[in-house]
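Following: one structure in structure tokens, then a few remarks.
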Amino acid sequence: MEDGVVLEVSSLKKRYGTHYALKGIDFRFTEGVYGLLGPNGAGKSTLMNLITDNLTAEEGSISFCGTPIGTLGEAYLKEIGYMPQQQNLYRNFTGTRFLYYMAALKGLEKREAARQITELLKMVNLTEAADQKIGTYSGGMKQRILIAQALLGNPRIVVMDEPTAGLDPKERIRIRNIISQASFQKIIIVATHVVSDIEFISKEILLLKKGEIVEHGAPEELLHLVDGKLYEVETDLAGLSRLEQSYQIVNVSKSYDTVTVRLLCEKPPEGYVLSVPKANLEDVYLYRFCEEEK
Ligand SMILES: Nc1ncnc2c1ncn2[C@@H]1O[C@H](COP(=O)(O)OP(=O)(O)O)[C@@H](O)[C@H]1O
Ligand SMILES: [Mg+2]
């Protein structure tokens, strides 16, 4: 028996009608933060719903520390913290009441619930707003109370579906820091289509495309996918429109009469002043998800 927490999915398939939303997912999660990155419709929520046992797979299996989750039943559900994608729940509850309610659903004893709630409110920086109704919270505060709820009962698997949807940059950073802080001795899986949410906090990133994991690895490993494919070209506006015809442009910056074009290609354009910039995960994302377009 291996030490620590292990969640393993094998040949996992899920279909809605005749459409396969997941086409056979194999992955082994261990302690740490995982970023599940992919565009809308990639299958992120479906995978999270299978892991949290809200949906049942057509084929394949999920096991927790070596035992199939079906066999574990309730014991598995106690190990799961889930932050769903929609956030307009419990508007008339105060933050505190909502957390006590969730703690009761999770079967926590009152004293233990009180201890954890005080601690979690502090962690998500909502101690002062705890007695206000959730309906009065900002988007960021709502997301933070949902994170606190997911961490109640100290589950070893925490699944967060688009935790920063609709938030401003300052709140995104806050959420990122909370996730990072919570990851000790847990598997945290964060689904997002926003690269910056997970680029610097993930142990590993899974790129999910049309129901399949098309790449996975540590963020720095994934950057190598664009080795020899990423260039910066100095040109003018006429040059930019020529480049746009045949290359995948990832960024354009202008200063005076110079236009700097960051682009992805198999073969660099000829007749331009080229340089090789340092890659970031956004480049990898665009490379892996927009490659058919050119
Ligand atoms: N309840 C459902 N009924 C039918 N199709 C669904 C349902 N949920 C998701 N799908 C389809 O499955 C695919 C994956 O969806 P989803 O898991 O929600 O992706 P993501 O969370 O990455 O946006 C999409 O094509 C979506 O339209
Ligand atoms: Mg989704």
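The values are calculated or read from the model by the stated rules, or taken from the named source; none is laboratory data. Given the structure is predicted, the values throughout are model-derived calculations rather than measurements. Note: ideal-geometry Cβ built from the backbone for every residue, glycine included; neighbour counts use all protein chains shown. Note: areas computed on protein heavy atoms with side chains; ligands, DNA, RNA excluded. Shrake-Rupley method; radii C 1.70, N 1.55, O 1.52, S 1.80 Å.
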- Item | Pick from segment 190-221, criterion open to solvent by less than 20 Å² (accessible area, probe 1.4 Å) and polar (S, T, N, Q), ranking: farthest from ligand 1 (Cβ to nearest atom) | SER202
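With respect to SER241, determine if the residue is outside the structural domain of GLY43 (by TED's automatic domain parsing) and modelled with pLDDT under 95. Quick ask: steps written out before the conclusion?
Values: outside the structural domain of GLY43 (by TED's automatic domain parsing): yes; modelled with pLDDT under 95: yes.
It is true that SER241 is outside the structural domain of GLY43 (by TED's automatic domain parsing) and modelled with pLDDT under 95.
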- Considering only segment 44-67, state which residues are open to solvent by less than 20 Å² (accessible area, probe 1.4 Å) and more than 17 Å from the chain's Cα centre (by Cα). ILE62, PHE64
- Quick one: is GLY81 more than 19 Å from the chain's Cα centre (by Cα) and either open to solvent by less than 50 Å² (accessible area, probe 1.4 Å) or touching a residue at least 60 places away in the same chain (Cβ under 8 Å) (or both)? no
- Message: Given the options ALA113, ALA129, name the one that is in a helix (DSSP H, G or I) and open to solvent by less than 70 Å² (accessible area, probe 1.4 Å).
- Response: ALA113
- Message: I'd like the full set of residues that are in contact (Cβ under 8 Å) with a residue 40 or more places away in the chain and under 21 Å from LEU151 (Cβ atoms), limited to segment 28-49.
- Response: PHE29, THR30, GLU31, GLY32, VAL33, TYR34, GLY35, LEU36, LYS44, SER45, LEU47, MET48
- Task: Could you look through segment 181-223, keep only residues that are without any contact (Cβ under 8 Å) to a residue 40 or more places away in the chain and not in a loop (DSSP other than H, G, I, E, B), and pick out the one that is nearest to PRO155 (Cα to Cα)?
- Result: GLY217
- What do you reckon, is GLY41 near ligand 1 (Cβ under 9 Å from one of its atoms), open to solvent by 10 Å² or more (accessible area, probe 1.4 Å) and of a type in the set (Gly, Ala, Ser)? yes
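So for segment 226-234 (the condition being β-branched (Val, Ile, Thr) and in contact with a Pro (Cβ under 7 Å, 6 or more places away or on another chain)), does at least one residue qualify?
So the first thing to find is which residues in segment 226-234 are β-branched (Val, Ile, Thr), and the list is 226, 233.
From what is left, the residues that are in contact with a Pro (Cβ under 7 Å, 6 or more places away or on another chain) are 233.
Yes: one or more hits.
Taking SER11, is it open to solvent by 10 Å² or more (accessible area, probe 1.4 Å) and touching a residue at least 60 places away in the same chain (Cβ under 8 Å)?
No; evaluated as a whole, the condition is false for this residue.
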- Task: Report yes if some residue within segment 151-160 is crowded, with 17+ Cβ neighbours inside 10 Å, within 16 Å of ligand 2 (Cβ to nearest atom), outside any helix (DSSP H, G or I) and in contact (Cβ under 8 Å) with a residue 24 or more places away in the chain; otherwise report no.
- Result: yes
- Message: Between GLU171, GLU215, GLU199, GLU162, which is in the same structural domain as PHE29 (by TED's automatic domain parsing) and modelled with pLDDT of 95 or more?
- Response: GLU215
- Message: Could you list, ordered by first residue, the pairs with Cβ atoms under 9 Å in which the first is in segment 238-255 and under 17 Å from TYR287 (Cβ atoms) and the second is of a type in the set (Gly, Ala, Ser) and open to solvent by 70 Å² or more (accessible area, probe 1.4 Å), at least 6 apart or interchain?
- Response: none
